[in-house]
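Asker: Structure in structure tokens, see below.
The values are calculated or read from the model by the stated rules, or taken from the named source; none is laboratory data. Note that the structure is predicted; figures quoted are calculated from it, not measured. Glycine gets a Cβ as well: all are built from the backbone with ideal geometry, and neighbour counts include every protein chain shown. These accessible areas exclude ligands, DNA and RNA; they are computed on the full protein's heavy atoms, side chains included. Shrake-Rupley method; radii C 1.70, N 1.55, O 1.52, S 1.80 Å.
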Amino acid sequence: MSNTHRKSIGDMVPVIDEVISAGGNVRLDVKGNSMWPLLRSEIDSVLLKKPTDIKKYDVVLFKRTDGSFALHRIVKITNSSLTTVGDNQYIFDQTVTPDAVIAKAVEFQRGKRRIGEKNIRLFGVLWVALFPLRRLLRKGLSWIKNHLPVCIRSFVNKFR
């Protein structure tokens, strides 16, 4: 029997905030597809720390103006606001103030593989540059995922 208890992010934020404010780090399992392909729901986890030195392309946990929470990438910073977007989204989120940021992602983990902060930002630079093509890329990847296995099976069956 597992000792794991699933909680909503809203229930966890006070605990996350307390741990991070005390200088600790928090590891959370990812739920949702807004950060795909970098993060996969219920497969990957993210290590969060205090949000110091926030930069463009960082991934942050923040509270939206409607009270919900998101883990998205920063794509624009001004003196008074941050613009974020999920890596799997085509429309920017509403801007938020820097004090809405609860934590900053410093590591992603998939199985035994760990991706550090520098590579998170590097992926962000590349992925944000592809933002205008994102919808097309997503449709292409979806088509390949759905049709390639069929094409391969058909091809292999021709030579049996």
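Asker: Please state which of the following conditions Arg73 fails to meet, knowing it meets all the rest: (1) closer than 18 Å to Lys118 by Cβ; (2) of a type in the set (Lys, Arg); (3) part of a loop (DSSP other than H, G, I, E, B).
Answerer: Every listed condition holds for Arg73 apart from (3).
Asker: OK, next. Across the range 11-42, what is the total count of residues that are touching a Gly at 6+ places or on another chain (Cβ under 8 Å) and either in contact (Cβ under 8 Å) with a residue 60 or more places away in the chain or closer than 14 Å to Phe69 by Cβ (or both)?
Answerer: Qualifying residue count, the range 11-42: 2.
Asker: In the range 112-160, what residues are over 30 Å from Ser80 (Cβ atoms), at pLDDT below 90 and outside any helix (DSSP H, G or I)?
Answerer: The answer is Phe159, Arg160.
Asker: Please work out which one of (1) modelled with pLDDT under 95; (2) in contact with a Gly (Cβ under 6 Å, 6 or more places away or on another chain) is the condition His72 fails and give its number.
Answerer: Single failed check for His72: (1).
Asker: Within the set of pairs 6 or more residues apart or between chains, which connect a residue that is in contact (Cβ under 8 Å) with a residue 24 or more places away in the chain and of a type in the set (Phe, Trp, Tyr) inside the range 90-118 to a residue that is part of a strand (DSSP E or B) and open to solvent by 70 Å² or more (accessible area, probe 1.4 Å) with Cβ atoms less than 9 Å apart?
Answerer: From residues that are in contact (Cβ under 8 Å) with a residue 24 or more places away in the chain and of a type in the set (Phe, Trp, Tyr), the pairs are Phe108/Arg114.
Asker: Could you look through the range 15-70, keep only residues that are of a type in the set (D, E, K, R) and part of a helix (DSSP H, G or I), and pick out the one that is farthest from the chain's Cα centre (by Cα)?
Answerer: Glu18
Asker: May I pose another question? For the range 58-116, give me the residue count where each residue is open to solvent by 60 Å² or more (accessible area, probe 1.4 Å) and among the aliphatic types (A, V, I, L, M).
Answerer: Selection size over the range 58-116: 2.
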